[in-house]
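The values are calculated or read from the model by the stated rules, or taken from the named source; none is laboratory data. Everything quoted here is computed from the prediction, not taken from an experiment. Virtual Cβ from ideal backbone geometry, glycine too; neighbours counted across all protein chains shown. Ligands, DNA and RNA are excluded from the accessible area calculation, which covers all protein heavy atoms including side chains. Shrake-Rupley method; radii C 1.70, N 1.55, O 1.52, S 1.80 Å.
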Amino acid sequence: MIGAHRQSGVRASLLALWVMVGLTATATGQTVARGKVFPPFKETDFRTGKTIDLESFRGKVVLIDFWATWCGPCRAELPNVKKNYEKYHSQGFEIISISLDSDLQKCREYIEKEKLDWYHIADGKKWDAKLAKKYGIDAIPRAVVIGRDGKVISDNARGGGLAQAIEEGLKQKFEPEKDDDIETAAKAKLAEADKLRADGRYAEALAIYDELGTKYAARPTGETANARARDMRTDPKIMKQIAEEQAAAADREAEKKGGEWLRLAREMKKANNLAMARKYYQRIIDTYPKSKVAETARTELAQLPPD
(Lines give C-alpha, C1' and ligand atoms only; values in the text may rest on other atoms or scores of the structure.)
Protein backbone atom coordinates (compact mmCIF):
# COMPACT_ATOMS: atom_id res chain seq x y z
CA MET A 1 0.00 0.00 0.00
CA ILE A 2 1.52 3.31 -1.07
CA GLY A 3 -0.60 5.59 1.08
CA ALA A 4 -4.07 6.36 2.39
CA HIS A 5 -6.41 8.05 -0.10
CA ARG A 6 -9.60 9.93 0.56
CA GLN A 7 -11.36 8.01 -2.17
CA SER A 8 -10.38 5.13 -4.43
CA GLY A 9 -11.25 3.98 -7.96
CA VAL A 10 -11.92 6.83 -10.35
CA ARG A 11 -10.63 9.35 -7.81
CA ALA A 12 -7.28 7.53 -7.62
CA SER A 13 -7.01 7.46 -11.40
CA LEU A 14 -7.71 11.16 -11.61
CA LEU A 15 -5.11 11.82 -8.93
CA ALA A 16 -2.51 9.92 -10.93
CA LEU A 17 -3.40 11.93 -14.01
CA TRP A 18 -3.09 15.21 -12.10
CA VAL A 19 0.38 14.23 -10.87
CA MET A 20 1.45 13.41 -14.43
CA VAL A 21 0.49 16.85 -15.68
CA GLY A 22 2.19 18.54 -12.71
CA LEU A 23 -0.83 19.69 -10.66
CA THR A 24 -0.30 19.54 -6.92
CA ALA A 25 -3.50 20.96 -5.44
CA THR A 26 -7.24 20.62 -5.83
CA ALA A 27 -9.44 23.39 -7.12
CA THR A 28 -10.07 24.50 -3.55
CA GLY A 29 -6.49 24.11 -2.31
CA GLN A 30 -3.43 26.33 -2.68
CA THR A 31 -0.67 25.18 -5.01
CA VAL A 32 2.20 23.24 -3.47
CA ALA A 33 4.89 22.88 -6.13
CA ARG A 34 8.63 22.36 -6.18
CA GLY A 35 10.52 25.59 -6.57
CA LYS A 36 7.58 27.66 -5.35
CA VAL A 37 7.13 29.30 -1.95
CA PHE A 38 4.99 27.11 0.31
CA PRO A 39 1.83 29.14 1.09
CA PRO A 40 2.17 30.33 4.70
CA PHE A 41 -0.08 29.52 7.64
CA LYS A 42 -0.41 30.47 11.28
CA GLU A 43 -2.02 27.84 13.53
CA THR A 44 -1.93 26.60 17.11
CA ASP A 45 0.07 23.61 18.31
CA PHE A 46 -2.71 21.39 19.63
CA ARG A 47 -0.57 20.00 22.45
CA THR A 48 1.11 23.13 23.77
CA GLY A 49 -1.23 25.92 22.68
CA LYS A 50 1.73 27.82 21.20
CA THR A 51 1.38 29.61 17.88
CA ILE A 52 3.08 28.02 14.87
CA ASP A 53 3.77 30.74 12.31
CA LEU A 54 5.43 29.25 9.24
CA GLU A 55 6.83 32.65 8.26
CA SER A 56 8.91 32.68 11.45
CA PHE A 57 10.69 29.49 10.30
CA ARG A 58 12.41 31.26 7.40
CA GLY A 59 16.08 30.26 7.50
CA LYS A 60 15.22 26.74 8.65
CA VAL A 61 14.64 23.60 6.62
CA VAL A 62 11.12 22.44 7.42
CA LEU A 63 9.25 19.20 6.84
CA ILE A 64 5.48 19.70 6.57
CA ASP A 65 4.21 16.19 7.29
CA PHE A 66 0.54 15.35 6.64
CA TRP A 67 -0.25 12.09 8.44
CA ALA A 68 -2.64 10.24 10.80
CA THR A 69 -2.36 7.51 13.41
CA TRP A 70 -4.84 5.38 11.44
CA CYS A 71 -2.63 5.55 8.33
CA GLY A 72 -0.41 2.45 8.14
CA PRO A 73 2.09 3.90 5.64
CA CYS A 74 2.36 7.01 7.84
CA ARG A 75 3.28 4.90 10.85
CA ALA A 76 5.70 2.86 8.74
CA GLU A 77 7.48 6.07 7.69
CA LEU A 78 7.82 7.43 11.23
CA PRO A 79 11.12 5.68 12.10
CA ASN A 80 12.67 7.34 9.05
CA VAL A 81 11.24 10.72 10.04
CA LYS A 82 12.49 10.36 13.63
CA LYS A 83 15.95 9.26 12.46
CA ASN A 84 16.30 12.32 10.25
CA TYR A 85 14.98 14.66 12.94
CA GLU A 86 17.56 13.37 15.41
CA LYS A 87 20.34 13.69 12.82
CA TYR A 88 19.54 17.13 11.38
CA HIS A 89 17.56 19.04 14.03
CA SER A 90 20.65 20.61 15.57
CA GLN A 91 21.66 21.83 12.10
CA GLY A 92 18.44 23.76 11.55
CA PHE A 93 15.84 21.14 10.59
CA GLU A 94 12.29 21.38 11.96
CA ILE A 95 9.13 19.30 11.55
CA ILE A 96 5.53 20.48 11.59
CA SER A 97 3.17 17.51 11.58
CA ILE A 98 -0.43 18.08 10.47
CA SER A 99 -2.65 15.24 11.67
CA LEU A 100 -5.82 14.10 9.92
CA ASP A 101 -6.98 12.24 13.02
CA SER A 102 -10.52 12.70 14.31
CA ASP A 103 -9.70 11.34 17.79
CA LEU A 104 -7.34 13.99 19.18
CA GLN A 105 -6.84 12.21 22.49
CA LYS A 106 -5.68 9.07 20.69
CA CYS A 107 -3.41 11.22 18.53
CA ARG A 108 -1.97 12.97 21.58
CA GLU A 109 -1.28 9.66 23.32
CA TYR A 110 0.40 8.25 20.21
CA ILE A 111 2.64 11.31 19.89
CA GLU A 112 3.70 10.99 23.53
CA LYS A 113 4.24 7.24 23.26
CA GLU A 114 6.37 7.53 20.13
CA LYS A 115 8.19 10.65 21.43
CA LEU A 116 7.48 12.74 18.37
CA ASP A 117 9.10 15.82 19.87
CA TRP A 118 8.31 18.42 17.24
CA TYR A 119 5.42 20.72 16.29
CA HIS A 120 1.90 19.29 15.85
CA ILE A 121 -1.30 20.69 14.37
CA ALA A 122 -4.65 18.88 14.51
CA ASP A 123 -8.27 20.02 14.51
CA GLY A 124 -10.02 16.63 14.55
CA LYS A 125 -11.72 17.04 11.15
CA LYS A 126 -9.91 14.24 9.32
CA TRP A 127 -9.94 14.92 5.55
CA ASP A 128 -11.76 18.20 6.17
CA ALA A 129 -8.93 19.47 8.38
CA LYS A 130 -8.34 23.15 7.72
CA LEU A 131 -4.80 22.80 6.37
CA ALA A 132 -5.55 19.60 4.45
CA LYS A 133 -8.25 21.48 2.56
CA LYS A 134 -6.08 24.56 2.17
CA TYR A 135 -3.34 22.59 0.44
CA GLY A 136 -5.58 20.13 -1.42
CA ILE A 137 -4.38 17.05 0.47
CA ASP A 138 -6.32 13.89 -0.46
CA ALA A 139 -3.62 11.26 0.11
CA ILE A 140 -1.26 10.64 3.04
CA PRO A 141 1.51 10.44 3.99
CA ARG A 142 2.39 13.67 2.23
CA ALA A 143 5.83 14.95 3.14
CA VAL A 144 6.78 18.40 1.88
CA VAL A 145 10.30 19.72 2.55
CA ILE A 146 10.76 23.49 2.48
CA GLY A 147 14.18 25.09 2.10
CA ARG A 148 15.69 27.96 4.04
CA ASP A 149 14.18 30.38 1.53
CA GLY A 150 10.65 29.07 2.11
CA LYS A 151 10.48 27.31 -1.28
CA VAL A 152 9.46 23.68 -1.74
CA ILE A 153 12.41 21.35 -2.35
CA SER A 154 10.37 18.14 -2.45
CA ASP A 155 6.63 17.51 -2.28
CA ASN A 156 7.01 13.75 -1.69
CA ALA A 157 10.01 13.35 0.61
CA ARG A 158 9.74 9.77 1.83
CA GLY A 159 12.33 7.07 2.46
CA GLY A 160 15.81 8.07 1.33
CA GLY A 161 14.34 11.07 -0.44
CA LEU A 162 13.75 12.79 2.91
CA ALA A 163 17.43 12.94 3.89
CA GLN A 164 18.34 14.00 0.36
CA ALA A 165 15.86 16.89 0.47
CA ILE A 166 16.98 17.96 3.95
CA GLU A 167 20.64 18.01 2.97
CA GLU A 168 19.83 20.00 -0.15
CA GLY A 169 18.00 22.53 1.99
CA LEU A 170 20.74 22.79 4.61
CA LYS A 171 23.30 23.56 1.90
CA GLN A 172 21.33 26.62 0.85
CA LYS A 173 22.86 29.94 1.79
CA PHE A 174 20.44 32.13 3.66
CA GLU A 175 21.04 35.76 4.37
CA PRO A 176 18.57 36.94 7.01
CA GLU A 177 16.94 40.24 6.38
CA LYS A 178 17.91 43.19 8.51
CA ASP A 179 16.02 43.41 11.75
CA ASP A 180 12.46 44.47 11.15
CA ASP A 181 10.35 46.29 13.72
CA ILE A 182 9.24 42.98 15.28
CA GLU A 183 12.79 41.70 15.76
CA THR A 184 13.94 45.05 17.11
CA ALA A 185 11.15 45.04 19.69
CA ALA A 186 11.91 41.41 20.57
CA LYS A 187 15.59 42.21 21.13
CA ALA A 188 14.64 45.08 23.43
CA LYS A 189 12.49 42.68 25.45
CA LEU A 190 15.32 40.15 25.51
CA ALA A 191 17.67 42.82 26.88
CA GLU A 192 15.11 43.56 29.59
CA ALA A 193 15.03 39.88 30.57
CA ASP A 194 18.84 39.72 30.58
CA LYS A 195 18.96 42.66 33.00
CA LEU A 196 16.38 41.05 35.28
CA ARG A 197 18.43 37.86 35.28
CA ALA A 198 21.61 39.80 36.08
CA ASP A 199 19.78 41.48 38.97
CA GLY A 200 18.74 38.11 40.36
CA ARG A 201 15.06 38.53 39.48
CA TYR A 202 14.92 35.09 37.96
CA ALA A 203 11.19 34.41 37.90
CA GLU A 204 10.50 37.61 35.97
CA ALA A 205 13.38 36.93 33.56
CA LEU A 206 12.27 33.36 32.89
CA ALA A 207 8.71 34.48 32.20
CA ILE A 208 9.94 36.90 29.53
CA TYR A 209 12.29 34.32 27.99
CA ASP A 210 9.39 31.87 27.72
CA GLU A 211 7.15 34.52 26.19
CA LEU A 212 9.77 35.43 23.57
CA GLY A 213 10.57 31.79 22.85
CA THR A 214 6.92 31.04 22.18
CA LYS A 215 6.07 34.17 20.21
CA TYR A 216 9.22 34.17 18.05
CA ALA A 217 10.03 30.45 17.99
CA ALA A 218 12.10 30.38 14.81
CA ARG A 219 13.46 33.93 14.85
CA PRO A 220 16.98 34.50 16.19
CA THR A 221 15.70 36.28 19.30
CA GLY A 222 13.26 33.49 20.03
CA GLU A 223 15.99 30.87 19.73
CA THR A 224 18.24 32.87 22.04
CA ALA A 225 15.45 33.27 24.58
CA ASN A 226 14.68 29.53 24.53
CA ALA A 227 18.36 28.71 25.01
CA ARG A 228 18.61 31.03 28.02
CA ALA A 229 15.42 29.61 29.50
CA ARG A 230 16.86 26.09 29.19
CA ASP A 231 20.08 27.20 30.89
CA MET A 232 18.11 28.65 33.80
CA ARG A 233 16.01 25.51 34.21
CA THR A 234 19.12 23.32 34.46
CA ASP A 235 20.54 25.44 37.32
CA PRO A 236 19.16 24.09 40.64
CA LYS A 237 20.07 27.25 42.56
CA ILE A 238 18.17 29.46 40.14
CA MET A 239 15.15 27.15 40.14
CA LYS A 240 15.12 27.08 43.94
CA GLN A 241 15.13 30.86 44.07
CA ILE A 242 12.38 31.02 41.44
CA ALA A 243 10.25 28.68 43.54
CA GLU A 244 10.81 30.94 46.54
CA GLU A 245 9.96 34.04 44.48
CA GLN A 246 6.78 32.44 43.19
CA ALA A 247 5.76 31.37 46.68
CA ALA A 248 6.33 34.90 47.96
CA ALA A 249 4.31 36.33 45.08
CA ALA A 250 1.49 33.91 45.83
CA ASP A 251 1.55 34.99 49.48
CA ARG A 252 1.33 38.65 48.46
CA GLU A 253 -1.61 37.92 46.17
CA ALA A 254 -3.36 35.94 48.91
CA GLU A 255 -2.77 38.73 51.40
CA LYS A 256 -4.11 41.37 49.02
CA LYS A 257 -7.06 39.62 47.41
CA GLY A 258 -7.82 37.28 50.27
CA GLY A 259 -7.61 40.20 52.67
CA GLU A 260 -10.25 42.05 50.65
CA TRP A 261 -12.57 39.03 50.75
CA LEU A 262 -11.95 38.71 54.48
CA ARG A 263 -13.01 42.31 54.96
CA LEU A 264 -16.21 41.67 53.00
CA ALA A 265 -16.91 38.49 54.98
CA ARG A 266 -16.64 40.42 58.24
CA GLU A 267 -18.92 43.15 56.91
CA MET A 268 -21.52 40.52 55.95
CA LYS A 269 -21.17 38.93 59.38
CA LYS A 270 -21.68 42.30 61.07
CA ALA A 271 -24.79 42.89 58.92
CA ASN A 272 -26.03 39.43 59.95
CA ASN A 273 -25.88 38.25 56.34
CA LEU A 274 -24.32 34.96 57.34
CA ALA A 275 -24.91 33.22 54.00
CA MET A 276 -22.78 35.79 52.17
CA ALA A 277 -20.20 35.77 54.95
CA ARG A 278 -19.82 32.01 54.56
CA LYS A 279 -19.38 32.39 50.78
CA TYR A 280 -16.54 34.89 51.18
CA TYR A 281 -14.83 32.81 53.87
CA GLN A 282 -15.10 29.70 51.68
CA ARG A 283 -13.80 31.56 48.63
CA ILE A 284 -10.65 32.47 50.57
CA ILE A 285 -10.19 28.89 51.73
CA ASP A 286 -10.69 27.41 48.25
CA THR A 287 -8.53 29.96 46.43
CA TYR A 288 -5.63 30.30 48.86
CA PRO A 289 -5.84 27.09 50.98
CA LYS A 290 -2.30 27.24 52.43
CA SER A 291 -2.17 30.96 53.19
CA LYS A 292 -2.37 32.70 56.54
CA VAL A 293 -5.52 34.51 55.48
CA ALA A 294 -7.10 31.10 54.81
CA GLU A 295 -6.27 30.03 58.36
CA THR A 296 -8.04 33.11 59.66
CA ALA A 297 -11.01 32.44 57.37
CA ARG A 298 -11.33 28.85 58.64
CA THR A 299 -11.27 30.01 62.24
CA GLU A 300 -13.89 32.73 61.74
CA LEU A 301 -16.07 30.47 59.57
CA ALA A 302 -16.11 27.85 62.31
CA GLN A 303 -17.25 30.51 64.80
CA LEU A 304 -20.33 31.41 62.78
CA PRO A 305 -23.60 30.05 64.17
CA PRO A 306 -24.95 27.01 62.30
CA ASP A 307 -27.36 27.48 59.36
inquiry  = Can you compute the FRET efficiency between GLU168 and LEU78 using 1/(1 + (r/R0)^6), with r the Cβ-Cβ distance and R0 = 30 Å? Round to the nearest 0.05.
reply    = 0.85
query = So which lysines pass the test for LYS240, namely a Cα distance under 20 Å, with those fewer than 8 places away in the same chain ruled out?
reply = LYS195, LYS290
ask   = Tell me, which cysteines of the chain are without a disulfide-compatible partner by the Cβ under 4.7 Å rule?
value = CYS107
inquiry  = Please compute the length gained on full extension between ARG34 and GLU114, using 0.36 nm multiplied by the number of residues separating them and subtracting their Cα-Cα distance.
reply    = 25.8 nm
query = Rounded to the nearest 500 deg cm²/dmol, what is the calculated helix-only ellipticity per residue at 222 nm for the chain, with -39500 (n - 2.57) per DSSP H run of length n ≥ 4?
reply = -16000 deg cm²/dmol
note = Computed from the beta carbon distance with a Förster radius of 45 Å, FRET efficiency for ASP199 and HIS5 to the nearest 0.05 stands at 0.15
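Contour minus end-to-end for ALA191 and GLU267, with contour as 0.36 nm per residue of separation and end-to-end as the Cα-Cα distance?
On the way: separation 76, 0.36 × 76 = 27.36 nm, distance 4.73 nm.
The span from ALA191 to GLU267 would gain 22.6 nm if fully extended.
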ask   = With every protein chain left in place, what is the accessible area per residue of region 167-304 in square angstrom, probe 1.4 Å?
value = 66 Å²
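I need the peptides 299-305, 283-289 ranked by packing, meaning the mean over residues of other C-beta atoms within 10 angstrom, with the highest value on top.
Details: 299-305: 11.0, 283-289: 17.4.
Going by the mean number of other Cβ atoms within 10 Å, highest first, we get 283-289, 299-305.
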key: Packing rank of 181-190, 267-276, where each peptide gets the mean count of other beta carbons within 10 Å, highest leading   = 181-190, 267-276
Estimated FRET transfer efficiency (GLN241, ARG298; beta-carbon r; R0 25 Å; 0.05) = 0.25
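At 0.36 nm per residue, minus the direct Cα-Cα distance, what do GLU260 and ASP149 gain on full extension? Give it in nm, one decimal, please.
Values: separation 111, 0.36 × 111 = 39.96 nm, distance 5.61 nm.
Working it through step by step, the gained length comes to 34.4 nm.
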ask   = Which of the lysines could be linked to LYS173 by a straight reach, that is with a Cα gap under 26 Å, when you skip same-chain ones fewer than 8 residues away?
value = LYS36, LYS42, LYS60, LYS82, LYS83, LYS87, LYS151, LYS187, LYS215
remark   = Longest principal axis of the chain (C-alpha) makes with the long axis of helix 104-114 (C-alpha) an angle, in degrees to the nearest 10, of 80 degrees
